[in-house]
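What follows draws every value from the coordinates through simple rules; no lab data is involved. All values derive from a computational prediction rather than experimental measurement. So basically every Cβ, Gly included, is an ideal-geometry build from the backbone, and we count neighbours across all protein chains shown.
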Amino acid sequence: MIPGAQASAGDRDVRIDVKYGCDFPSGDKPVSVRVSATVPEGGEVDKPVQLRDVSTELALPEAGLPDLAGLGAAGVEAETKLTMGVAQGDHTAETVWIGTTDDPVAVPETGEFALTSSGDVPSVTAGSSGDLTFTAGKLTALLTSPKTGDPAVKPAAVMLTCAPEPDQELGLGAVRIAGDPEWPSPEPTGTREDKASGDSGTSRDEATPEVGDPAQPTLQDGKAPRCVGDQDDQFSLNAYVTGYANVAKLKAATLFPVACTQIEQGATVIKIQDGLVHLFQDSTAILDYQGKPKLPPATGTFLTFGFMPTTATLEMTQIPPAAGPDGKPPPNVHSDLKILGPGNSEAVTTIDLQLQLRLYDVKVNGVALDVGGNCRTERPFALPLRGDMLLKDGVQTGYTLATGGVLTGQVTLPPFSGCGVGEDLDDIFTASISGVPGAVKQVQAPPCAAAQHIPTVCTQDNQPVHVPKPER
């Protein structure tokens, strides 16, 4: 490990304390930052090195508290983005570590304000043997007031842009990469220029660290479903979504696992309305699970009629819009971006989905109930979703199609039909589930634009890097 790192046996727990100068609204102020992580004891050539338990602790000075007064008394949520330099000898790369706070943090009336963000970070693959080092760089912290669930209430926000003060040790740690033929790392046998010119050699500079994908959080099935974008379509986006849907009658919620959405962006139309510039865009979003327009199956357990435990698998299938004369489905995503002035704008995005719900593998109090293979809502139903964005003084909060965020709506399930084998069970499911509006809260992660293949949002095989976490 490099000087300043703290280590224990086996995988190493490392940390570094860095003084940053941060640009508060009232002026530059010092902020103490501690970066912590668990690094593996060693690594191998061409195998990803994954740091775990990464956290960024900020101690904001008392002099900065007045700048946070506008965030309200309910506490502060934070998202940090720390640029980390990755190096092997003279070969360097950069990666961004994104962290968020788990819960709102109360702002004290006096003294330092401490908060901690954490999150999964990209892996790094070394192309040759030698020490793989990690060095702290610039940092941004977006502090926002907690979301209220009311789209009309715009969260307040403060953005801090920070740079390390000079003459400090910025190295977090190093991982020794073992590999043939020798130690330390040999000269690279091929470069990107070799590949571009058609010369023989490896497909990339072997000594340049390659930033990979962030470790994905543990999902219901241990991984996100396959979600590959169209690299030949400049208007194609693919993104992961997840969230909860309330079953109002049962006073419970169902978690729908992470799903893939394929999005075809439409053209942007500029109009002047009420003296302001509006940018309108119509797009089409289609669910994609194993090549079909549906969500992955979800299992829910409820107390039917308030006392009977009932478990069922839910299959939600999208009814895509019928194709028009051009062979393409009409848009079901409508965005309106209103420009208020330099660095200030508002946007509303609405998504209209037509879905049908099927139930199967039903158990009542642990006993299987044969509902047949066609127990479903008697007709498709609408799920309208809405996301709001506010850009204030250059700081963005809320949802856009291109950045992701939270979408909310309500859904009312129609009656069920086709339920039961030898007996009609339609009325049981209709009475316990249908008819009462239930709230829906979906979270869309930042999408991948496969044609552009930006490494921070797309994997090497054009799947989204970011996997969202559901919010209640």
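Arranged by the count of other C-beta atoms within 10 angstrom, fewest first, what order do ILE286, ILE263 take? Walk me through the intermediate numbers first.
Details: ILE286 16, ILE263 22.
Lowest count first: ILE286, ILE263.
Only Lys, Arg, Asp and Glu carry charge here, each on its Cβ (+1 for the first two, -1 for the last two); on that basis segment 216-444 has a dipole of about 440 debye about its Cα centre. What shape does segment 37-104 have by the C-alpha gyration tensor, where a ≥ b ≥ c are the square roots of the eigenvalues, rounded means a/c under 1.5, and otherwise prolate means a/b greater than b/c and oblate the rest? It comes out prolate by the Cα gyration axes.
The alpha-carbon atoms of segment 216-444 define a convex hull whose volume equals 158 cubic angstrom per residue. With a cut-off of 13 Å between beta carbons, the residues surrounding ASP274 carry a summed charge of 0, where Lys and Arg count +1 and Asp and Glu -1. Computed from backbone phi with θ = phi - 60° and the Karplus coefficients 6.51, -1.76 and 1.60, the 3J(HN,Hα) list for segment 331-342 is x, 10, 10, 10, 10, 10, 9, 9, 7, 8, x, x Hz; x is used for glycine and proline. Taking a Cβ cut-off of under 11 Å around PRO415, the surrounding Lys, Arg, Asp and Glu residues balance to a net charge of -1, with basic ones at +1 and acidic ones at -1. When you count the other C-beta atoms within 10 angstrom of each residue and take the mean per peptide, 342-348, 138-144 line up highest first as 138-144, 342-348. So if I take the centroid of the Cα atoms in segment 69-127 and the same for segment 20-67, what is the distance between those two points in Å? Value for the Cα centre distance between the two parts: 5 Å. Subtracting the Cα-Cα distance of THR38 and ARG52 from their residue separation scaled by 0.36 nm leaves 4.5 nm.
Taking the beta-carbon count within 10 Å as an exposure proxy, list VAL247, VAL31 from fewest neighbours to most. Let's see the in-between values first.
Values: VAL247 19, VAL31 23.
By the 10 Å Cβ count, ascending, the order reads VAL247, VAL31.
Footprinting exposure proxy ranking of GLU264, GLU423, fewest other C-beta atoms within 10 angstrom first, gives GLU423, GLU264.
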